[in-house]
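The values are calculated or read from the model by the stated rules, or taken from the named source; none is laboratory data. These figures come from a predicted structure and were not determined experimentally. Quick reminder, even Gly has a Cβ in these numbers, built from the backbone with ideal geometry, and neighbours come from all protein chains shown.
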Amino acid sequence: MIKLAAAVLLLALTSSLVAVTEDVHSIAQAVDEHYNHLRTLQAEFTEEYRGAGMERTESGTLWLSKSGLKKPGKMRWEYRSPREKLFVSDGRDAWFYVPDDRQARKTDARKLDDLRSPLAFLLGKSKLEKELQGLSLAPDVAPLAAGDVVLRGVPQAMADRVNEILVEITPGHQIARIVINEVDGSTTEYSFSDQKENVAIPDGKFEFRPPAGTETVEGEGGP
């Protein structure tokens, strides 16, 4: 009887594990399918940073545009609050610009090591299970809205810098929030709202020309 009970319990646990695995797989596939059919995306974002004894909250508008298969997509993070900042990439070059500093930093987009840069690959190239190792449900993390599902995984490209990434998915398979927990204990959280898909975005939105009097610096770094 004990052996039978143990066998039944093992079967129940195995079935539960298979169901969870299939659920995560189906959610990831649905997210991939959703974003791989988009050409552009516009959203309002809030960025919250906690670490090194400080907290910082910023907000603005994000634009993403599908690019060629051999380079990252185009993106523009336009910060409005509490101060104006700009992070923009045309798929070749990435620019970081803070008007108050009168300095613009230019970096090769393909070599960019920035927490915001993976989003440039989202449209047309999304493969959630490939990008995040050990993708699983995160039932211990409260979602922003009822009905949302939170997944967790480790980004292959940033495994030396990031412990895990949490991705909140809406019932419509949109990404509502991304939480990045780094190895140094800091956390950066991006939440997205008012998402507009396949809107017309001119290419000029992803171009940047330093204003007159602005110092240009080569190399990584950013706002």
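Points to keep in mind about this one:
- Answer residue from the range 177-202, given it is over 17 Å from the mean Cα position of the chain (by Cα) and without any contact (Cβ under 8 Å) to a residue 40 or more places away in the chain and is surrounded by the fewest Cβ atoms within 10 Å (Cβ to Cβ) among those: Pro202
- Boolean, Lys66 is closer than 11 Å to Phe206 by Cβ and touching a residue at least 12 places away in the same chain (Cβ under 8 Å): no
- Candidate set: the range 121-139, residues that are in contact with a Leu (Cβ under 7 Å, 6 or more places away or on another chain) and of a type in the set (A, V, I, L, M, F, W, C); chosen: the one modelled with the lowest pLDDT: Leu122
- Answer from Lys66, Lys106, Lys85 - the residue that is touching a Lys or Arg at 6+ places or on another chain (Cβ under 7 Å) and not small (Gly, Ala, Ser): Lys66
- Whichever residue in the range 36-61 is loosely packed, with under 15 Cβ neighbours inside 10 Å and β-branched (Val, Ile, Thr) and, among such residues, is farthest from Glu182 (Cα to Cα): Thr61
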